[in-house]
Every structure is written in structure tokens, then in C-alpha cells.
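The values are calculated or read from the model by the stated rules, or taken from the named source; none is laboratory data. What you see is a predicted model, and the numbers here were worked out from it, not measured in a lab. Heads up, the Cβs are rebuilt from the backbone with ideal geometry, glycines too, and the neighbour counts pull from every protein chain shown. These area figures cover heavy atoms from the full protein model, side chains too; ligands, DNA and RNA do not enter into them. Shrake-Rupley method; radii C 1.70, N 1.55, O 1.52, S 1.80 Å.
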Amino acid sequence: MRLYWEVFRHGFRRYASYRAATVAGLFTNTVFGFLRAYVLVALFAATATVGGYDLSDALTYVFLGQGMIMTVYMWSWWEIALAIRSGDIVTDLSRPFDYQSYWLAQDLGRACYHAVFRGIPPFLVGALVFDLRLPGSPLTWLLFVASVAVAVCVSFGLRFIVNLAAFWLLDYRGVGAISTACGTFLSGFVVPIAFFPGWLAAIAHVLPFRGMIQVPIDVFLEKERGWALVGVLAVQLAWAAALFAAGRLLLGAARRRVVVQGG
Amino acid sequence: MALIEVENLSKQFRVARKPEGGRGRLRRLRRDFADVHAVDGVSFAVEAGEMVGYIGPNGAGKSTTIKMLTGILVPSGGRLSVAGFEPSRQRRELARQIGVVFGQRTQLWWDLPLADSFDLLKHIYHVPMARFAANLERCVELMEMGEFLRTPVRQLSLGQRMRGELTAALLHDPAILYLDEPTIGLDVVAKARIRAFLTALNRDAGTTVLLTTHDMGDIERLCRRVIIIDRGGILYDGALDPLKARFAIERTLVVDLEEPAPPLEVPFAIVERVEGPRQWLRFQREQTSAADLIAAVARAAHIADLRVDEPSIEDVVLRIYAGGAGERFSSTPSPG
């Protein structure tokens, strides 16, 4: 366990060494938050609620979502795919640790860094300008943090699998484009899944993507209560576990069957 | 039992073959596969404390062998034992016994200072603090790494990084060190530093070293024994000197005459080059000895100076590759 704690710390420090990138990314996330917010302000001028969300809910949704982009790491994370393509993965595969757990620990360290430096600031700026909804119950805050942690695991599970595709495909970017598109829409990042037409919402509900964005935000907005809340969180956790297990099987298959590229 | 035992090891890969011909679009849906025998019936044993060169042309199966020895790849056939472990099944136990440096790969954490990578490796391999400190100090001292320990790896020169890679592979006192092209791309000074370090390591710590390289200088300076492979099979396994004796049959006598002269005519030698008073005479060991040839030259002209050039190991290996699999043979391995 000590090892994975050290790996976790390294994950945090790796990203902490790029300060300019943090500031630039922070600026972008916040600006896009405002763009999205003003679109919603215009929408809610015509109607009081959409899919059970009022304006304040929707604005909170936007700024939480903007803060979670990097925390959950929704887009273009290719470290493992690049290591497969360059062959550098050989080194890590020959180490006495569990390759997948190692990356999970590192990713959680990264997520902590991004939560603090890319997650909280856009939300604070949004809260200064707009009337955002803050939960009153400490339990809600606690469950939100837990659900974000699970969201990182769901996202990691998906990214791990998509990255491993590089073992079989000489170019992994096609799979990457598909997974990015699915992740962006079906996670509820662009708009809440409740805004979707019925059939699309039904599809989104049975897929893992909503566990990355929609579930934690709904916890924050207290959209679910009691057993329904427990159920939603249990499904999110189950997806994280299932994706982790699937990634593990895939890694085993890769180890047996596939040439490590690049000699 | 030897430290590394390889018996009849083989590895096949299925490689997708692109269909040929113009109507490729439709036919691409049906994929053809070809089996490539990357390693094909290789057997050898390495005793503890040996330093062995494992050489062969590109694509001969060197790296594939090393990947199987580390447990990264599962063999298609044959038997493998490294430090008493079966690599692919006991990869994690074995990992504590081996250190690996791939010259064209990195095992260091790109974004962080070199010392941070070492620190993380300490935890990965559960190296006790005192041992870690002693090992690190020895490497830092022998390879003069003090001034760049706090530099992020991405800012190191190639030579500095390679010293870091070697250190990273040795912090947990591995019994076996695999080196895959450790001096590739390095300048003469950096190469010499790495070679001196490896010699000291083998001598002082008794670390067994298996080295693949295209740099024959590495082999000549470091290894008493070489294993040469080509097209997945062993062409030669044995000491370096008999290899030279066997294949280095052509030598060159370089004479400086007192005055420029037309090409000398002496038995069993061919004048290859003439440059003023200097002439290069190629001769074969079986036909004449250097002493006889020198005597013959001395009878024909006045010699001011002379030397006999042995062929480099590079020439020898080139001859073996050219001979190819048809000339497969081996001599008794000479441990140590």
C-alpha cells in the first residue's frame, strides 16, 4: 500500500510541475463556463424549468461540470497508448507492481491536483457572478466528494481500456474519437441527461458514461434522495468496478497475444 | 544450475499481412496472417557472474529473447528459467532479481527530477533505506551524477539520462542486469564511462550481465563470451577469442618502406593499397605466418617500420552474418 501512496503523490507532483498549463487551462475552463452559462440564462428566460432543473440548478450544473473536466479527465489522455506505441510500456510491465493499480493510484493523485487547481477555482468564480446552488447538508457534500472520486475511477476504467486498444490497433485515435464523443454527450457534460429525448436518455441511463459527470452533479443538487440516491451511487460504483475488471482482462490478453510495438 | 537457462526457446508472432493488388478496398476486410518465427529453438545457459554479449542483426530476435527472459512476453515453446523462476508465470518475483535497461526506452519519470524517480523505485522494489542510500551513492560517485540529480529528466542530456537509467536498474541489487543497446547514440566519452562502470559492477558486485548491442566496441571491452543469433537461431556461442581465430583468417601487414616502391611481389600476399612508401599487404593465416611474410618483404625492400592489423570483431561478425544460417555452428561455452 505504501507504494501506491507514493505513486499517488508522484501523480500529484507530476502535474504540479506544469504551472503555466494549469493557469491557461483554468482560464479556458472558466471562460467556457461563462459562455455556457449565458446560453442557459437565455433559455431559462423562456421557461421556468427544463427536465426538472431550474436556472440556478442549471448554472450550478455548468460550473460543476467545467470544474470536473480535468478532475475526471474526460478528454484525450493517452499516456498508456503512447507508451505502447513507443514501446516504453515494456519497462513498466517488468516491474514488481500491479500495472493497472499503479496507474489508478497515479491517476487519483493527478485527479487530486486537478480538483484543487482546475476544479474549485472555476466554480468559485461562477459562484461570485451567478446565483449557484450550494447544498446545506454536510452529508451531501461528503457524498458529492465520494461520487467525484468514483467518477474518476469510472473515467479511468474507460481510459485504461481505450488506451489498451493501442496494443491491437496501430492507430488508436479512431477509438479515441468515438470514446470522446460518447463521453462528452452521454456523460451529461453538454446538457443534463434529463434534457435528452426519451430514447436517448434511456440509452444514457444504461451506459457507464453518466457516472463521470451526471451522477456526481445530481448528488450535489440533491436530485435523488433516500434509496434512489443509494441506488444511483451503487450503480456508479458497480460500473467503476466492472470497467476496472474489464481493463484487467484486456491487459492479460494483451500480455499474452500481442507484440510490444517497436522492437 | 545455471542462473539463466534457456532450452529450445521459440516465439512466433501472427502478423497481419496487407493484401496485395489494386482492389485492396474490398479485400482488406479479409485479413491474411503470416506466422513470423522471431525466436526459433534457441538454447543457452549463463552462469552467475558472467558478462555475455548477445548480438545479431536487426530483427534477429534479440529483444524478443530479452522480453521473454524478463517475463513480458510468453514463449510459444521451450523452457526458460531465470534465477530459479519461470519468467512469464513469476514475473513479479523475478522482477526483484533483475534490472533492465533498454537504451531506446526510458524507465524514468519524464516530468520529475531524477532523484524523484530513484525515490519511487525505492518503494517499488521495497529497497531498505540503508541499501538504497549506499547503492545510490556508489552510482552517483562512479558515474559523476551529483550535479544533475535534481534536474527534471526531460532536461537531461542523453548521456546523463543513460547514467540515470543504469542507476535506476541497479538500486535494488539485481542479480542479473539486461542491457539492450545501452550505449546507443552516446559519444565516445559517455560510452567509455558506461563501459567502465559496467566492468566495475561485474567485478565488484558480481552482477551477471546480458548485453545486446550493435556496438562491437561494447562487446570487445566488456564480454568474454558472445552469443550470436540470426533469423531466430544461434550461429555462435562461445568465447570471443576463438571466434576471432576462426573467422579472422585474413590479416593485413602494413609496411613503411624506406623509399616509395612499386607494389611488392611476395608469395601468399596481395598488395591492397599503396600510399607513398606505405603498403598494405593482405594475407591469410593458413597460407603464411606474419614472420615469414615479413622476412619475404625484408628480402625485397628495406623496411622502416611495420605493423600487423587484426580484423576487428566488427569484420568478424559481418562475415558470420554474411555466412548466415547455413554456417550454423557452436563451440563449447566458456563460463566466466
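With more than 14 Å from chain A (Cβ to nearest Cβ), open to solvent by 50 Å² or more (accessible area, probe 1.4 Å) and not hydrophobic (A, V, I, L, M, F, W, C) as the only criterion, which of B:D173, B:D215, B:D187 stands out?
None of the others qualify; the one that does is B:D187.
Might you check whether a residue that is at pLDDT below 90 and open to solvent by 30 Å² or more (accessible area, probe 1.4 Å) occurs anywhere in the stretch A:231-249?
Residues of the stretch A:231-249 at pLDDT below 90: none.
No: zero hits.
What is the one condition in (1) more than 14 Å from chain B (Cβ to nearest Cβ); (2) at pLDDT 90 or above that A:Y172 does not satisfy?
Looking at each condition in turn, A:Y172 falls short on (2).
Checking B:E147 against (1) out of contact with any helix residue (DSSP H, G or I) (no Cβ under 6 Å at 6 or more places or on another chain); (2) more than 27 Å from B:I66 (Cα to Cα); (3) within 11 Å of chain A (Cβ to nearest Cβ), which test does it fail?
Among (1) out of contact with any helix residue (DSSP H, G or I) (no Cβ under 6 Å at 6 or more places or on another chain); (2) more than 27 Å from B:I66 (Cα to Cα); (3) within 11 Å of chain A (Cβ to nearest Cβ), the lone unmet condition for B:E147 is (3).
Quick one: which of B:I55, B:I72 is farther than 26 Å from B:L318 by Cβ and in contact with a Lys or Arg (Cβ under 8 Å, 6 or more places away or on another chain)?
Values: B:I55 fails: farther than 26 Å from B:L318 by Cβ.
Of B:I55, B:I72, the one residue that is farther than 26 Å from B:L318 by Cβ and in contact with a Lys or Arg (Cβ under 8 Å, 6 or more places away or on another chain) is B:I72.
On the given criteria, is B:G78 in contact (Cβ under 8 Å) with a residue 12 or more places away in the chain, more than 9 Å from chain A (Cβ to nearest Cβ) and in contact with an Asp or Glu (Cβ under 7 Å, 6 or more places away or on another chain)?
Against the criterion (in contact (Cβ under 8 Å) with a residue 12 or more places away in the chain, more than 9 Å from chain A (Cβ to nearest Cβ) and in contact with an Asp or Glu (Cβ under 7 Å, 6 or more places away or on another chain)), B:G78 qualifies.
Filter the stretch B:302-325 down to residues that are open to solvent by less than 80 Å² (accessible area, probe 1.4 Å), on the phi < 0 side of the Ramachandran plot and either at pLDDT below 90 or of a type in the set (S, T, Y) (or both), then give me how many there are.
Qualifying residue count for the region: 12.
Within the stretch B:134-147, identify whether any single residue is assigned to a helix (DSSP H, G or I), over 24 Å from the mean Cα position of the chain (by Cα) and at pLDDT below 90, and answer yes or no.
No, every residue in the stretch B:134-147 fails to be assigned to a helix (DSSP H, G or I), over 24 Å from the mean Cα position of the chain (by Cα) and at pLDDT below 90.
Only one of A:T28, A:T22 is open to solvent by 60 Å² or more (accessible area, probe 1.4 Å) and either in a helix (DSSP H, G or I) or under 30 Å from A:Y99 (Cβ atoms) (or both); which? Lay out the reasoning, then the answer.
Working: A:T22 fails: open to solvent by 60 Å² or more (accessible area, probe 1.4 Å).
When all the criteria are applied, what remains is A:T28.
Tell me, please, whether a residue that is touching a Gly at 6+ places or on another chain (Cβ under 9 Å) and either among the aromatic types (F, W, Y) or within 14 Å of chain B (Cβ to nearest Cβ) (or both) can be found in the stretch A:140-159.
Looking for residues that are touching a Gly at 6+ places or on another chain (Cβ under 9 Å) and either among the aromatic types (F, W, Y) or within 14 Å of chain B (Cβ to nearest Cβ) (or both), one finds at least one in the stretch A:140-159, hence yes.
Any idea which residue in the stretch A:165-179 is nearest to A:G252 (Cα to Cα), counting only those that are surrounded by fewer than 23 Cβ atoms within 10 Å (Cβ to Cβ) and among the aliphatic types (A, V, I, L, M)?
A:A165
Scan the strands (runs of 3 or more DSSP E) fully inside the stretch B:211-289 and keep the ones with 2 or more residues being of a type outside the set (A, V, I, L, M, F, W, C) and over 15 Å from B:E310 (Cα atoms).
B:225-230, B:233-239, B:269-275, B:278-284
Every residue, every condition in (1) assigned to a loop (DSSP other than H, G, I, E, B); (2) charged (D, E, K, R); (3) more than 14 Å from the chain's Cα centre (by Cα), yes or no:
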site	(1), (2), (3)
B:A45	no, no, yes
B:A48	yes, no, yes
B:Y54	no, no, no
B:M68	no, no, yes
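Output the residue which, of all residues in the stretch A:86-98 that are assigned to a helix (DSSP H, G or I) and crowded, with 18+ Cβ neighbours inside 10 Å, is farthest from the other protein chains (Cβ to nearest Cβ).
Taking the candidates together, the pick is A:I89.
Among B:R246, B:R231, B:R251, B:R225, which is the only one that is open to solvent by 40 Å² or more (accessible area, probe 1.4 Å) and touching a strand residue (DSSP E or B) at 6+ places or on another chain (Cβ under 8 Å)?
Values: B:R246 fails: touching a strand residue (DSSP E or B) at 6+ places or on another chain (Cβ under 8 Å); B:R251 fails: open to solvent by 40 Å² or more (accessible area, probe 1.4 Å); B:R225 fails: open to solvent by 40 Å² or more (accessible area, probe 1.4 Å).
Just one listed residue meets the conditions, B:R231.
Scan the stretch B:85-102 for residues that are open to solvent by 10 Å² or more (accessible area, probe 1.4 Å), out of contact with any strand residue (DSSP E or B) (no Cβ under 6 Å at 6 or more places or on another chain) and either more than 7 Å from chain A (Cβ to nearest Cβ) or part of a helix (DSSP H, G or I) (or both) and jot them down.
Within the stretch B:85-102, B:F85, B:E86, B:S88, B:R89, B:Q90, B:R91, B:R92, B:Q97 qualify.
Considering only the stretch A:1-19, state which residues are under 20 Å from the mean Cα position of the chain (by Cα), more than 7 Å from chain B (Cβ to nearest Cβ) and open to solvent by 70 Å² or more (accessible area, probe 1.4 Å).
The one that is under 20 Å from the mean Cα position of the chain (by Cα), more than 7 Å from chain B (Cβ to nearest Cβ) and open to solvent by 70 Å² or more (accessible area, probe 1.4 Å): A:R9.
Which residues, taken from the stretch A:197-216, are in contact (Cβ under 8 Å) with a residue 24 or more places away in the chain and of a type in the set (F, W, Y)?
A:F209
Only one residue in B:A133, B:A168, B:A192 is under 30 Å from B:R92 (Cβ atoms) and open to solvent by 20 Å² or more (accessible area, probe 1.4 Å). Which one?
Numbers: B:A168 fails: open to solvent by 20 Å² or more (accessible area, probe 1.4 Å); B:A192 fails: under 30 Å from B:R92 (Cβ atoms).
Being under 30 Å from B:R92 (Cβ atoms) and open to solvent by 20 Å² or more (accessible area, probe 1.4 Å) holds for just one of B:A133, B:A168, B:A192, which is B:A133.
If you check B:L112 against the conditions, is it open to solvent by less than 10 Å² (accessible area, probe 1.4 Å), farther than 30 Å from B:L240 by Cβ, within 12 Å of another protein chain (Cβ to nearest Cβ) and touching a His at 6+ places or on another chain (Cβ under 6 Å)?
In short, no.
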